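A quick write-up on the structure given underneath.
The values are calculated or read from the model by the stated rules, or taken from the named source; none is laboratory data. What you see is a predicted model, and the numbers here were worked out from it, not measured in a lab. Here the Cβ is made from the backbone with ideal geometry for all residues, glycine too, and neighbour counts use every protein chain on show. Ligands, DNA and RNA are stripped out before the accessible areas are found, and what is left, the full protein with its side chains, is counted by its heavy atoms. Shrake-Rupley method; radii C 1.70, N 1.55, O 1.52, S 1.80 Å.
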Number of protein chains: 2
Amino acid sequence: MKKALVVFSGGQDSSTCLYYALKNYDYVYTIGFAYGQRHSIEMKCRQEFIKALKNFDKELCKKLGPDRVVDMLSFKDLTDSALTKDSGSYELNDKNNLPTSFVPGRNLIFLSYAASYAYTIGADTIITGVGQADYSGYPDCRDETIKALEKALNLGMESNLKIETPLMFKDKAQTFKMAYDLGGRAFVDLIVRNTHTCYEGEHNVLHDWGYGCGICPSCLLRKKGYEEFKKLM
Amino acid sequence: MKKALVVFSGGQDSSTCLYYALKNYDYVYTIGFAYGQRHSIEMKCRQEFIKALKNFDKELCKKLGPDRVVDMLSFKDLTDSALTKDSGSYELNDKNNLPTSFVPGRNLIFLSYAASYAYTIGADTIITGVGQADYSGYPDCRDETIKALEKALNLGMESNLKIETPLMFKDKAQTFKMAYDLGGRAFVDLIVRNTHTCYEGEHNVLHDWGYGCGICPSCLLRKKGYEEFKKLM
């Protein structure tokens, strides 16, 4: 019995990973983090994607375990970043040359919580959609970081947990292609219509690549990726 | 300007570390975690120790920055352990041969939060009172784990943060001795009277080694340590 825990945010990447997990594991749990996102739309989309996925593939979703959301709201008081505050700018920070949307160590905390939960429920794999191909300047998403953290977590829990990163070296076009390979055009449509990636929390206008403002770094990546994906098909 | 962030729980170890930090750094912040301890006395003692320390050494405490408590209450729902639930037993867990008081990965999450906060406030050292001498079976307190986590955190934040563990190889007697070396008999008395270590949250009877039930593993260690310390003097 192979149990996986998917770090699931309701965005394109983790939603693709969730379906990947259902295809490759016997039992799949999900975990999310409410850490003071500027836009609660992200949390809402998590639930809606799961609902839509259950409609899309009822049989496979029988493997789906409970969804857990960890309250990390006090995190936003600890750190300052464009993603948790209303600074509205995505430029590079003078201090460290990292994007101002970089929340220091955010992903490390997510994965530490996930590891703790995985240990408790007896899952031996954590799946996360982080990657270093569409490089946004987040050092906590790099392969080297994830491998170092995997080692630290296993030493700290005397465990043999694996952190699987199916998208580590895929750009957004390849991630759309992966969705296509997993569930055809219909699953790509599900991703387009039922996931949220926009930093601005814009979720009113549906473009062919999905909802979003179309101008924040996250929308630009997704839009460009979708256009490249269409050329591949 | 050397800034340190002390992971401070209000227990003997981290309280000793706090005074150590004040003696060795120019500016000292403190961070604590409310993670669903069975006994809120631990959180109360944090505040009281800081107040008592300010009375004890007014001059040195001018270096003391704000104290932050991170709300991790949802953590208790994720994991099951004697320290967060009312199971009341401290035996070894059949499943993994670790004490039932082991909260999987707890210390890894604490340190990840601390790193994130240290990054934000510009502290380049985190000080934590964990140790492997009085070995309670917690793998997340071992030197090897801390060093691996330090590496992962620095990769993930592109930082050069140091995790300092002044008590890593000290048993409780040596920790009392360290308190004595830092601030004499008067500081040992402060530690005895103003810190809390007991798993049971017992804080009514003051023994010569401190408050506590006297029979939980944590009290037994502290009591034995104090008796050995007295012989050293």
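The mean sequence separation of alpha-carbon pairs under 8 Å and at least six residues apart, normalised by the residue count of chain B, gives a relative contact order of 22 percent. With N counted as the residues of the protein assembly as shown, its alpha-carbon radius of gyration over 2.2 N^0.38 Å works out to 1.04.
On the principal axes of its alpha carbon atoms, the range A:106-184 extends 38, 29, 16 Å, with the longest extent given first. Look at where the Cα atoms of the range A:182-227 and of the range B:26-60 average out, and the two centres are 47 Å apart. Here's how it looks for A:Glu164: its modeled amide H is under 5 Å from those of A:Ile126, A:Ile127, A:Thr128, which are all 5 or more places away or on a different chain.
Shielding of peptide B:141-148 by partners, expressed as the average count of other chain Cβ atoms within 10 Å per residue Cβ, is 4. Return the single residue from A:Pro66, A:Pro139, A:Pro166 with maximal mean-square fluctuation; model: Gaussian network over chain A, springs between Cα atoms under 10 Å. Largest GNM mean-square fluctuation: A:Pro66.
Mean projection of the Cα convex hull over all viewing directions, computed for the range A:1-48: 3.3 nm². Comment: the Cα-to-Cβ extended label point of B:Asp77, at 7 Å, lies 1.9 nm from its counterparts in the other copies, nearest first.
Count, for each residue of A:63-71, the Cβ atoms from other chains sitting within 10 Å of its Cβ, then give me the mean as a whole number.
Working: counts 0, 0, 0, 0, 0, 3, 1, 5, 6.
Average neighbour count from other chains, rounded to a whole number: 2.
In chain B, Rg over Rh equals 0.94, where Rg is the alpha-carbon radius of gyration and Rh the Kirkwood radius from pairwise Cα distances.
Based on alpha-carbon atoms, the Kirkwood radius and the radius of gyration of the range B:128-233 give Rg/Rh equal to 1.05. Remark: the protein assembly as shown carries a charge dipole of roughly 100 debye about the Cα centre, counting +1 on each Lys and Arg Cβ and -1 on each Asp and Glu Cβ. Taking both sides together, the accessible area buried where A meets B is about 3400 Å² for a 1.4 Å probe. Across the cross-link table entries A:Lys23/A:Lys58; A:Lys3/A:Lys172; B:Lys170/B:Lys230, which are compared at the Cα atoms, the separations over 24 Å belong to A:Lys3/A:Lys172.
The sum of -39500 (n - 2.57) across all DSSP H runs of n ≥ 4, divided by the residue count of the protein assembly as shown, sets its helix-only mean residue ellipticity at 222 nm to -14500 deg cm²/dmol. Copy-to-copy label distances for A:Asn204, where each label lies 7 Å from Cα along Cα-to-Cβ, are 6.2 nm in order of increasing length. First compute the accessible area of chain B with a 1.4 Å probe, then give the percent of it belonging to carbon and sulfur atoms. Percent of accessible area from carbon and sulfur atoms in chain B: 49.
Per residue, the accessible area of the protein assembly as shown comes to 41 Å², computed with a 1.4 Å probe over protein heavy atoms only.
In nanometers and ordered shortest first, the copy-to-copy spacing of the B:Leu232 label point, defined 7 Å from Cα toward Cβ, is 6.2.
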